[in-house]
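The values are calculated or read from the model by the stated rules, or taken from the named source; none is laboratory data. All values reported here derive from a predicted model rather than from experimental measurement. Positions of Cβ are generated from backbone atoms using ideal geometry, with glycine treated the same way; all protein chains shown enter the neighbour counts.
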Amino acid sequence: MPTYEYECQSCHQRVEAVQRFADAPLTTCEACGGELKKVFSAVGIVFKGSGFYKTDSRGTSTATSAASATSSD
């Protein structure tokens, strides 16, 4: 389940909540009763393994055969 971060518009206190996608978003601050808004931030995704880079799908034979054909002429 994802963790969402909310910030109170009145007291600027931040709250984290673990919620399902189907759960209703939090609307009121427990500290002061103000309105809560979701805080959106960058997602930290790390792609590991092969297949994520442009050079992973290229074969080395194409580059070397083109270079050897040019030098042999």
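For the list (1) at pLDDT 75 or above; (2) outside any strand (DSSP E or B); (3) under 22 Å from the mean Cα position of the chain (by Cα), I need the number of the one condition that CYS32 fails.
It fails just one condition, (3).
Tell me which residues, restricted to segment 35-49, are over 22 Å from the mean Cα position of the chain (by Cα) and of a type in the set (A, V, I, L, M). Before you say what the answer is, go through the steps one by one.
If we filter segment 35-49 for residues that are over 22 Å from the mean Cα position of the chain (by Cα), which is where we start, we get 35-36.
Result: LEU36, single match.
Among the residues of segment 9-30, write down those that are among the hydrophobic types (A, V, I, L, M, F, W, C) and without any contact (Cβ under 8 Å) to a residue 12 or more places away in the chain. Break it down stepwise before answering.
In the first step, residues of segment 9-30 are kept if they are among the hydrophobic types (A, V, I, L, M, F, W, C); the result is 11, 15, 17-18, 21-22, 24, 26, 29.
Selection gives ALA22, ALA24.
Please pick out the residue among ARG20, ARG58 that is modelled with pLDDT under 65 and assigned to a loop (DSSP other than H, G, I, E, B).
Step by step, each of ARG20, ARG58 is checked, and only ARG58 is modelled with pLDDT under 65 and assigned to a loop (DSSP other than H, G, I, E, B).
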